[in-house]
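The numbers here are math on the coordinates, done by the rules we state, and not lab data. All values reported here derive from a predicted model rather than from experimental measurement. Please note: Cβ atoms are built from the backbone with ideal geometry, for glycine as well, and neighbour counts cover all protein chains shown.
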Amino acid sequence: MTDFTTLTNPCSGVAFSAGITGVGGYLPEGVVTNQMLASRLDTDHDWITSRTGILERRIADESQSTSDLAVEAGSRALRSAANPEVQALVLATTTPDFRCPATAPYVAARMGLGKIPAFDVSAVCSGFLYATSVAVAYVNSGHFDSVLVIAAEKFSTLIDPNDRNTACLFGDGAGSVVISKVPVGTGGQILAHAIHSDGELESLIKVKGGGSRYPLSPHETVNRPRSDYFLGMQGREVFAAATASMSASVSDIISTAGWELDDLDWLIAHQANRRILNLVCKSLDIPPEKACVHLDEVGNTAGASIPLLLAAKSRQFKPGDKLVLTSFGAGATWGALAMTWPALGTIEAP
Ligand code: UT7
């Protein structure tokens, strides 16, 4: 899906398009290092770093839920924006506070955003790109001038702390952007975006229990295998699919935006594995130093990883730099977005 829709101000004749006008990120304080994991699991620092590039991750404490992370990240994004007024909130999360209702209305209320439309989007590691595509459509259609997008994950609640296959990979965090009407050609403009899915790959990453297909049962759940209620991942297959899908998405979005590969200043790819980032760069002949890396400090924060990366590395970007964002995750879902970097107020370190 490509959206070049622009609006024209009838008085000034200036054309407008959706762009990023605010960025924020939040990480919980609790740090879990590889050494801490190795002290209680059959793993070691060398395995984790050589296979993934991850050194440590942040884990929210018991008192913090997804909405707490979301409020922090969303508030920071609004503080970095010249105009903090928004008319809708789209929250991407895999770990809502409750199975019912959605978390976004509660986040909007806590942030004092008034009675604006607020809803959750579920696309796991691609959640941010999916939520952003909704916000871009709202702004490009003229429906709203400004939409707050938050991606927040307390992903540790889906992970079996005793499963070395997943416990070493994931962390908690939240990131947020403000999507607003900006004059065409100015920094921040989203030039192209595309999202995809393939439900045939549903079993690659999955939490089997707790939904309507295999509900929690007060009587039976305790007798079922633990693994039914935690995230299972077929790592090698996901690795291959993520590398191929993100490489193709980046290539496609660059041509849709009317750029050449050499024009790209920064690759903002979902932070799952350093080796995946290297392979995407290699397959497209992108210099690896253009791929921003944050996973060493935070692990895989699922849907939050892209906006967190934007917030964490914002000092590296100059207004007008050309960025491509890309992700792959459970569903399977994937996508990409091409944008230029905006001139923003101070972006607080996550
Ligand atoms: O965010 C959504 C998208 N997610 C991803 O993109 C993740 C994609 N997958 C990956 O990043 C990698 O596949 C992993 C990091 C998950 C695994 O790395 P790998 O190089 O693909 O390892 P593997 O699955 O081929 O496993 C190699 C071995 C296995 O042992 P055997 O079967 O060869 O005896 C695993 O049991 O490593 C074992 N292993 C571990 N060993 C020490 C798995 N986890 C660990 C561990 N410590 N933490």
Of Val280, Val324, Leu310, which is farthest on the positive side of the dipole of the chain, counting Cα position, with +1 on Lys and Arg Cβ, -1 on Asp and Glu Cβ, and the Cα centre as origin?
Leu310
Between Arg224 and Asp46, what is 0.36 nm times their sequence separation minus the Cα-Cα distance? Round to one decimal in nm.
60.7 nm
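Could you work out the longest stretch of the chain that avoids the trypsin sites (Lys or Arg not before Pro) located in DSSP loops with at most 14 other Cβ atoms within 10 Å?
214-350
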What order do you get for Glu202, Glu29, Glu72, Glu348 when you list them from fewest to most C-beta neighbours inside 10 Å?
Glu29, Glu202, Glu348, Glu72
In region 2-183, if the dipole is taken from +1 on Lys/Arg beta carbons and -1 on Asp/Glu beta carbons about the Cα centre, which of Asn9, Tyr138, Val31 is farthest to the positive end?
Asn9
Looking at region 18-83 from every direction and averaging, what is the projected area of its Cα convex hull in nm²?
6.7
Return the sequence-ordered ³J(HN,Hα) values of region 137-152 in whole Hz as given by the Karplus equation 6.51 cos²θ - 1.76 cosθ + 1.60 applied to θ = phi - 60°, using x for Gly and Pro.
5, 4, 6, 5, 7, x, 5, 10, 7, 7, 10, 8, 10, 10, 10, 9
In µm²/s, what is D for region 2-183 at 10 °C and 1.306 mPa s, where D = kT/(6 pi eta Rh) by Stokes-Einstein and Rh is the Kirkwood radius from Cα pairs?
91
Non-local residues with an amide H under 5 Å from the amide H of Gln189, with H modelled 1.01 Å from N and Pro and chain starts lacking one, are Ile20, Thr340
Distance in nm between label sites at Ala109 and Ser212, each 7 Å beyond Cα in the beta-carbon direction?
2.5
Using the number of other C-beta atoms within 10 angstrom as an exposure proxy, rank Phe98, Phe155, Phe317 with the fewest first.
Phe98, Phe317, Phe155
For the chain, what is the mean residue ellipticity at 222 nm derived from helices alone (per DSSP H run of n ≥ 4: -39500 (n - 2.57); sum divided by total residues; nearest 500 deg cm²/dmol)?
-8000 deg cm²/dmol
How much space per residue, in cubic angstrom, does the convex hull of the C-alpha atoms of the chain take up?
131
